[in-house]
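Beneath this line is the structure, given in structure tokens, with notes to follow.
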Amino acid sequence: MMVPTHMFLTRGVGVHKEKLTSFEEALRSAGVAYCNLVSVSSILPPHCKVVPRKRGEKLLKPGEITFCVMARSETNERNQLVSASVGLAKPTDLGTYGYLSEHHAHGETDEETGEYTEDLAAQMLATTLGVEFDPNVAWKEREQVFKMGGKIVKTQNITQSAVGKKGKWTTVIALAVFIPPENVPARSRK
């Protein structure tokens with residue numbers, strides 16, 4: 001059974017006349033183009049540590065199957081704003097699973113897209129943990145309710161946006177990349 005113990009957040013942008021090459025450039029920008037990425041659902045495994053991108057990249061091997069939660073948005077329209085974001089909500093009890101959310105948008109700023117995904121992940125975790133909240137109040141107010149309730153310890157997001165260029169594809173991605181457990185040194189697994 002493969003349950004990741006480590007993951008990292010990353011993002012990237014690519015611009016090229018070919019759509020596929022634009023996506024490849026975004027993957028390169030995010031530091032994961034050398035992996036065979038497989039998109040998975042949005043569960044942060046219990047006890048899974050979030051490590052810095054540079055450390056996470058060093059634990060991946062070229063060509064390996066790498067699971068991730070990915071948000072991707074693209075455009076070939078000049079001046080169109082595109083964004084992609086992954087939100088994270090970690091429970092206080094690290095033995096409980098957390099949530100990751102993904103969102104891709106047109107016309108939203110980094111801040112709007114990032115807050116939306118962070119809020120979405122926190123709402124999914126809150127409903128799982130039985131935290132009561134009013135979904136009609138602003139994210140900043142709900143964030144305080146979630147954290148003061150003591151069941152959600154941390155929320156964050158990683159977001160990438162870009163403006164489309166004339167005659168080119170612009171692709172933005174945001175990812176939560178799971179590191180295969182066998183790639184993590186034994187001393188780091190504890």
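The values are calculated or read from the model by the stated rules, or taken from the named source; none is laboratory data. Computed from a predicted model, the values in this text were never measured in an experiment. Positions of Cβ are generated from backbone atoms using ideal geometry, with glycine treated the same way; all protein chains shown enter the neighbour counts. Ligands, DNA and RNA are excluded from the accessible area calculation, which covers all protein heavy atoms including side chains. Shrake-Rupley method; radii C 1.70, N 1.55, O 1.52, S 1.80 Å.
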Some residue of the range 153-175 being aliphatic (A, V, I, L, M), open to solvent by 60 Å² or more (accessible area, probe 1.4 Å), closer than 26 Å to Lys19 by Cβ and outside any helix (DSSP H, G or I): yes
Every pair of residues 6+ apart whose Cβ atoms lie under 6 Å, when the first sits in the range 51-73 and is within 17 Å of Val86 (Cβ to Cβ) while the second is among the charged types (D, E, K, R) and open to solvent by 30 Å² or more (accessible area, probe 1.4 Å): Val69/Glu102; Ala71/Glu102
Matching residues, the range 40-76, being under 22 Å from Tyr116 (Cβ atoms) and either in contact with a Cys (Cβ under 8 Å, 6 or more places away or on another chain) or acidic (Asp, Glu) (or both): Val40, Glu74
Tally, over the range 1-30, of residues that are under 14 Å from the mean Cα position of the chain (by Cα) and not polar (S, T, N, Q): 8
Tally of residues being charged (D, E, K, R) and in contact with a strand residue (DSSP E or B) (Cβ under 7 Å, 6 or more places away or on another chain) across the range 142-161: 3
Residues that are modelled with pLDDT under 85, within 12 Å of Ala89 (Cβ to Cβ) and either part of a strand (DSSP E or B) or open to solvent by 70 Å² or more (accessible area, probe 1.4 Å) (or both), drawn from the range 120-152: Lys147, Lys151, Ile152
Set Glu141, Glu112, Glu102, Glu118: member being touching a residue at least 40 places away in the same chain (Cβ under 8 Å) and of a type outside the set (Val, Ile, Thr): Glu102
